[in-house]
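Working notes for the structure below.
Where a number appears in this text, it was derived from the coordinates with a stated rule and is not lab data. None of these values were measured; they are calculated from a predicted model. We place every Cβ from the backbone using ideal geometry, glycine too, and count neighbours over all the protein chains shown.
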Amino acid sequence: MGKVISSLDEVVQQIEDGATIVAGGFGLCGIPEKLISSLRDKGVKDLTVVSNNCGVDDWGLGLLLENRQIKKMVASYVGENKRFEQQFLSGELEVELVPQGTLAERLRAGGAGIPAFYTATGVGTEVAEGKEHKEFDGKTYIMEKGIVGDYAFVKAWKADPFGNLVFRKTARNFNPVIATAGKITIAEVEEIVGIGELDPDGIHTSGVYVQKVFVGENYQKRIEKLTTANS
Amino acid sequence: MTGRKLILERAVKEIQDGMCVNLGIGMPTLIANMIPEDVDVMLQSENGLLGIGAYPKETEVDPDLINAGKETVTAKAGASYFDSAESFSMIRGGHIDLAILGGMEVSGNGDLANWMIPGKMVKGMGGAMDLVQGAKRIVVIMDHVNKHGESKVKKNCTLPLTGQGVVHCLITDLAVFHFTDAGMELVELQNGVALDEVKEKTEADFTVSESLKQLD
């Protein structure tokens, strides 16, 4: 089937200026770190990036900010990144803040062929401005649109050659919905196993959503806030 | 007792045996360590974990296992992991019994502002707007007045809203209020606090419960 690639270069070379990238991860947990680094090295500009957060100053999606490759960021929380603040205040960077559940559902909808949906989240707040309001059974909802990216960047734990994916603990987060919401979905994983070796009952993301699989080495998996029982 | 301790000790009493609970980032997270051992609850973390355990020993730290505040945690027995869309199905679908959140301002009709201060860097609302619309009960904990002595319990919120009419219960260092369609009702006074002080430091209109309690 030829989904497994030995280098990210070829697929990342296809990404053009102005593309929309949807990327998994929560904070620095479960981020597609190899894909982000590869995109940084390629240097494409004017990207729209959809991801729950925008990394930190020197890691994760923060690397693309540092390199001034992002034109617009769609996220729910960006408070961990000083460079973000500078570029936002200077007008270089456009920002769309989306409530986290709405962001997850917009990606899920996009991936499921649902163009829009109604939600109570954001009613009566800035988020609702300019959006269609509709009442169902006496309660007000706003319409939110599905999101589909040109490329989806996914980080999983294990894959098989068909692209079936298994995630680990809370590194799953946005990755399964991101996987469904890309025209081309690239999954980077820590381990690839033979076809048939993953229990079909235990697969989190079906390979139908995944076009390319890459095995990364030496994952950094940086920890944002190390808290232990003694601290 | 400090104001913060009074707030936290009162807030933990909102948690009942058998509940699924989401604790907001910051001060509400501290409540996790105060839950009595005979109260069995599942704490939800919106990044995809129901059943947050204690902080890990140094040898147990796992970068793939964090809470919504991005702190390393463990998972307790009976915990489950899930993706972000499912996590917010739990929240938005009304399956979470209780959310305890921090506040910047609360108004007399139960509006909450807790995500943005105009003129300061916008950090984002994270999951707060989803939680206030979806969880069955919303408890807000905050100081009664700000550092300039101004009431944070307002007639109308001045900061951008997180949700309108969403607060069920407000716990401050001075008092506890409940919110119903009839408005805001003072139900408890913190230890050593007089009704007059609450009246003086509350900008919003409120009624006083006939069974007003003074906490020990």
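Fewest-first ordering of B:Lys201, B:Lys57 by other beta carbons within 10 Å of each residue's beta carbon gives B:Lys57, B:Lys201.
Counting every other Cβ atom within 10 Å of each residue's Cβ, A:Ile195, B:Ile96 order from fewest to most as A:Ile195, B:Ile96.
Tell me, what is the FRET efficiency for A:Arg68 and A:Glu217 to the nearest 0.05, using R0 = 25 angstrom and their Cβ-Cβ distance as r?
Using R0 = 25 Å, I get an efficiency of 0.30.
Please report how far the C-alpha centroid of the range A:114-145 lies from that of the range A:73-97, rounded to the nearest whole angstrom. If you average the Cα positions of each part, the centres end up 25 Å apart. Remark: the A:Ala112-A:Asp41 segment gains 22.4 nm on full extension, using 0.36 nm per residue and subtracting the alpha carbon distance. Remark: the Cα gyration tensor places the range B:3-214 in the prolate category, a/c being 1.5 or greater and a/b exceeding b/c.
Put the Cα centre of the range B:97-124 next to the Cα centre of the range B:21-58 and the gap is 21 Å. Label separation (A:Glu135 vs B:Glu203): 3.1 nm, computed from points 7 Å beyond Cα along the C-beta direction. Potential lengthening of the chain between B:Met1 and B:His95 amounts to 30.4 nm, from the contour at 0.36 nm per residue minus the alpha-carbon distance. Taking a ≥ b ≥ c as the square roots of the Cα gyration tensor eigenvalues, with a/c under 1.5 meaning rounded and otherwise prolate when a/b beats b/c, else oblate, which class fits the range B:1-53? Oblate shape, in that a/c is at least 1.5 and b/c is the bigger or equal ratio. Between B:Asp17 and A:Met143, the modelled label-to-label distance comes to 4.9 nm, taking each label 7 Å out from Cα in the direction of the beta carbon.
For the range B:3-214, what's the relative contact order in percent, using C-alpha pairs closer than 8 Å and at least 6 residues apart?
Dividing the mean separation by the residue count of the range B:3-214 yields 18 percent.
Here is the size of the protein assembly as shown from its Cα atoms: Rg then Dmax, 22.7, 76 Å. Remark: for residue pairs A:Lys139/B:Lys213; A:Lys158/B:Lys136; A:Lys72/B:Lys57; A:Lys71/A:Lys155; B:Lys5/B:Lys199, the C-alpha separation exceeds 32 Å in A:Lys139/B:Lys213; A:Lys158/B:Lys136; A:Lys72/B:Lys57. Projected label points at B:Met34 and B:Arg137, each 7 Å from Cα along the beta carbon direction, are separated by 1.6 nanometres. The B:Glu150 and A:Ser90 beta-carbon pair, evaluated with R₀ = 35 Å, returns a calculated FRET efficiency of approximately 0.60. Comparing Cα centroids, the range A:14-40 and the range B:142-206 end up 44 angstrom apart. Calculated FRET efficiency, A:Val208 to B:Ala54, Cβ-Cβ distance, R0 = 25 Å: about 0.05 to the nearest 0.05. Per-residue Cβ neighbour counts within 10 Å put B:Ser87, B:Ser151 in the sequence B:Ser151, B:Ser87, beginning with the fewest. Judged by the ratio a/c of the largest to the smallest principal axis of the C-alpha gyration tensor, the range A:49-188 counts as oblate, that ratio being 1.5 or greater while a/b is no larger than b/c.
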